[in-house]
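The values are calculated or read from the model by the stated rules, or taken from the named source; none is laboratory data. On a predicted model such as this, the values are computed, not experimentally measured, just so you know. All Cβ positions, glycine included, derive from the backbone under ideal geometry; neighbour counts span all protein chains shown.
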Amino acid sequence: MSLSINDLQPAEFWRHFQKITSIPRGSGNEGAVRDYIISIAKEHGLSFNVDGKGNLVVSKNGTAGYEHGPVVILQGHLDMVCEKNKGIEHDFTKDPIKLKIEGDYLRAQDTSMGADNGVGVATSLAIMVSKDMPHPPLEFLFTVEEEVGLNGAKFLTSDFLKGRIMLNLDSEQEGDFFVGCAGGLDGEIRINIDREDVPANMAPFLVKASGMKGGHSGLEIDKGHANAIKVLNRFLWNIIKDIDIKIENFSGGSKRNAIAREAESLLWVPEDKVTVLEEKIEHWEKVFRKEFGKTEPDLVIKLSRHSEDITKKVFSGKCAMTLMNVLYAMPHGVVTMSRDIPELVETSTNLGIVKTERNEVILTLNHRSSSGTAILEVAEAIESLANLAGVKYVRGPGYPGWQPDLDSKILNISRETYKKLFNKEANIKAIHAGLECGIIGEKFSGMDMISFGPTMHGVHSPDEKLFIPSIEPFWKFVAELLKNVK
């Protein structure tokens, strides 16, 4: 007999998790899921407030014996990263996520699932409606647009919250307590397009690099995953030496904070060189598979004749080489490792998106670092590269990191609670990703914070999966921790 999500425990958590996955909630489209939470708050007589950005806070009084305890904030974000496999029909603005259980894992059918941060939202909802869980006064903070730059947290004002203890429910390994995070900075390179007519005796082909795993540009930047944009560009950079190809457009990636899984370019190829091009594709596919080994076993490069959306206007030779040289020289991946915390990435940069518009090619970048000066160095290095290439670099918005405080009161209570529950120590870590803790800590003076969650893998991609056996210990820990805050 196959297991259903309705059979899983704790039932209230899974009920809400299943419900919110049925509600579209891509970044900027959180209205429906926010309305659902408000309906639950009203049903249970809880007060709530929504700010001008769409952030929501719901308040619940402390239970008997905890009425005068410190206010604890449980925080998560409403939005999710919307990614799907190529060729899959799924409209993230209206279609529900299709869930399936595979062994010990819950995942979605060919799309991202939104466990990041559906887990945090469902946990808060389950506690909001609980009748028998002892706890101090609570504030449930639901932020918006986390996945596109922590925009909701940036909008928060100092009078929106009363609490100064916060449990951020947005981490991805049960038993890990995060007490610090990286800050982030976005950037763009803009390359003006100089076009010319397609020479005679050339045919249009679409070349695609796909099958790569991608993943979170912070959490998985050190896993050796290939960036499809870099793979395709390296191929083009090499073959243009032997084949006089012309480029009409180049595109790849879909999120600034996700490692690009696919990239494609519309090429014009001399009719008498098509066979040579096919041979080079076969050669370079083998090269890439060998170099990336076990990390990208499904990497493929495919060539197909193309007839749609053809302008017959291609990049000039100089423009094409500028683009390819910039892409090749552009750093991507780990820049430095932490000198203080073993195995922690300190600084990285992600080449997330390349898109061809009418008059320019835009490269979207996402830099991360736990060092405020190191992240500026990365941005300045890329600005220097842009200057050398004669193209424009625009530094985008940033957000602060979160400096660890190992003497934190909530951290010490959390460690003691975890040790008593499970007879083992929790792992104390910092994370190479942007957490809203960095911004919230800066906005609310004296905020004492910790971040934790159940185990999940492959977030921000269709490979996302939630480890079902990690939910019960996660839930037990949250309940016991709230009981111990007095």
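General observations
- Residue in the stretch 154-162 that is of a type in the set (Asp, Glu), more than 15 Å from the chain's Cα centre (by Cα) and either in a helix (DSSP H, G or I) or more than 28 Å from His432 (Cα to Cα) (or both) present: yes
- Of all residues in the stretch 321-336 being part of a strand (DSSP E or B) and free of Cβ contacts under 8 Å to residues at least 60 places away in the same chain, the one that is nearest to His367 (Cα to Cα): Val335
- Restricting the stretch 52-93 to residues that are at pLDDT 95 or above and among the basic types (Lys, Arg), the residue that is farthest from Thr157 (Cα to Cα) is Lys60.
- Tyr36 being under 26 Å from Ile440 (Cβ atoms), aromatic (Phe, Trp, Tyr), in the same structural domain as Glu464 (by TED's automatic domain parsing) and not in a helix (DSSP H, G or I): no
- Residues in the stretch 358-380 that are in a helix (DSSP H, G or I) and aliphatic (A, V, I, L, M): Ala374, Ile375, Leu376, Val378, Ala379.
Per-residue answers, yes or no, for (1) outside any loop (DSSP other than H, G, I, E, B); (2) among the acidic types (Asp, Glu):
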residue	(1), (2)
Val57	yes, no
Thr63	no, no
Pro70	no, no
Cys82	no, no
Ile88	no, no
Asp91	no, yes
Lys94	no, no
Leu106	yes, no
Asp116	yes, yes
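- Pair list, Cβ under 9 Å, 6 or more apart: the stretch 5-32 residue more than 11 Å from Thr123 (Cα to Cα), other residue part of a helix (DSSP H, G or I) and basic (Lys, Arg): Ile5/Arg15; Asn6/Arg15; Arg25/Arg34
- Hits in the stretch 353-398 (condition: in contact with a helix residue (DSSP H, G or I) (Cβ under 8 Å, 6 or more places away or on another chain) and among the small types (Gly, Ala, Ser)): Ser369, Ala386, Ala389, Gly390, Gly398
- Residue ID - nearest to Lys60 (Cα to Cα), chosen from residues in the stretch 19-33 that are under 19 Å from the mean Cα position of the chain (by Cα) and in a helix (DSSP H, G or I): Ile20
- When Pro462 is tested against (1) closer than 25 Å to Thr373 by Cα; (2) modelled with pLDDT under 95, exactly one condition is not met: (1).
- Residues in the stretch 277-330 that are among the β-branched types (Val, Ile, Thr) and under 30 Å from Gly215 (Cα atoms): Ile281, Val287, Thr295, Val300, Ile301, Thr322, Val326.
- Among the strands (runs of 3 or more DSSP E) confined to the stretch 401-469, there are none with at least 3 residues that are without any contact (Cβ under 8 Å) to a residue 24 or more places away in the chain, surrounded by fewer than 16 Cβ atoms within 10 Å (Cβ to Cβ) and not polar (S, T, N, Q).
- Hits in the stretch 122-153 (condition: in contact (Cβ under 8 Å) with a residue 24 or more places away in the chain and in a loop (DSSP other than H, G, I, E, B)): Val129, Ser130, Met133, Pro134, His135, Pro136, Pro137, Val144, Glu145, Gly149, Leu150
- Filter result (among the small types (Gly, Ala, Ser) and at negative phi) within the stretch 286-320: Ser304, Ser307, Ser316, Gly317, Ala320
- Summed over the stretch 17-57, residues that are in contact with a Phe, Trp or Tyr (Cβ under 7 Å, 6 or more places away or on another chain), more than 12 Å from Gly118 (Cα to Cα) and hydrophobic (A, V, I, L, M, F, W, C) total 5.
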